[in-house]
């Protein structure tokens, strides 16, 4: 068995999806506001690196991903992930594991760690924080305050 995707929907899932299409634009707009709040609140936290929107790109704000620089933040991505769990904040290790580490690919010469230094480095840094369109401003403020408090010990 090898990793892959299964993109089939049954009729009920497809019908619900069609109904939800009407809400896509407002969901994206809500997520954009939440993303901007995260960026604002985490902007000056040493070692927490946020991305910026790129001009000319239509973003859907499906995830809010940060990079955790262990040297600046004081904890690794994995350590922060575990600490957030203690506060019942469910983050996600993004781009983890790298597909080059999957059993079916790991023996290819192109998958060797020394051939993918940037991908492996980023894979160890990236964390996706909670994000959905109905998230309250207070939830984002609490998550960011906890991330700051964790850093300070």
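Read the figures in this text as sums done on the coordinates, not as results from a lab. Note that this is a predicted model, so its numbers are computed, not measured. Here the Cβ positions follow ideal geometry from the backbone for every residue, glycine too, while neighbour counts run over all protein chains shown.
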Subject >> Of 103, 40, 136, the one that fluctuates the most in a GNM where the chain has Cα springs shorter than 10 Å >> reply: 103
Original post:
Can you work out the base-10 log of I(q)/I(0) for the chain at q = 0.10, 0.14, 0.20 1/Å, using the Debye formula on its C-alpha atoms alone?
Top reply: -0.47, -0.87, -1.24
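Can you compute the FRET efficiency between residue 71 and residue 10 using 1/(1 + (r/R0)^6), with r the Cβ-Cβ distance and R0 = 35 Å? Round to the nearest 0.05. Show your work: numbers first, answer last.
Values: r = 48 Å, r/R0 = 1.39.
Once rounded, the FRET efficiency stands at 0.10.
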Subject >> Order of 89, 18 - criterion: other Cβ atoms within 10 Å of each residue's Cβ, fewest first >> reply: 18, 89
Subject >> Relative contact order (%) - criterion: Cα under 8 Å, at least six apart; region: the chain >> reply: 29
**OP:** Pick out which of 106, 22, 93 has the largest mean-square fluctuation in a Gaussian network model of the chain, springs linking Cα atoms closer than 10 Å.
**Re:** 22
Original post:
Where q = 0.19 Å⁻¹, what log10 of I(q)/I(0) comes from the Debye formula for the range 56-129, counting one point per Cα?
Top reply: -0.87
**OP:** Express the relative contact order of the range 16-80 as a whole percentage, based on alpha carbon pairs under 8 Å and six or more residues apart in sequence.
**Re:** 28
Original post:
What is the distance, in nm, between label points placed 7 Å from the Cα along the Cα-to-Cβ direction at residue 148 and at residue 78?
Top reply: 2.9
Original post:
Between residue 106 and residue 26, what is the label-to-label distance in nm when each label sits 7 Å out along the Cα-to-Cβ direction?
Top reply: 4.7
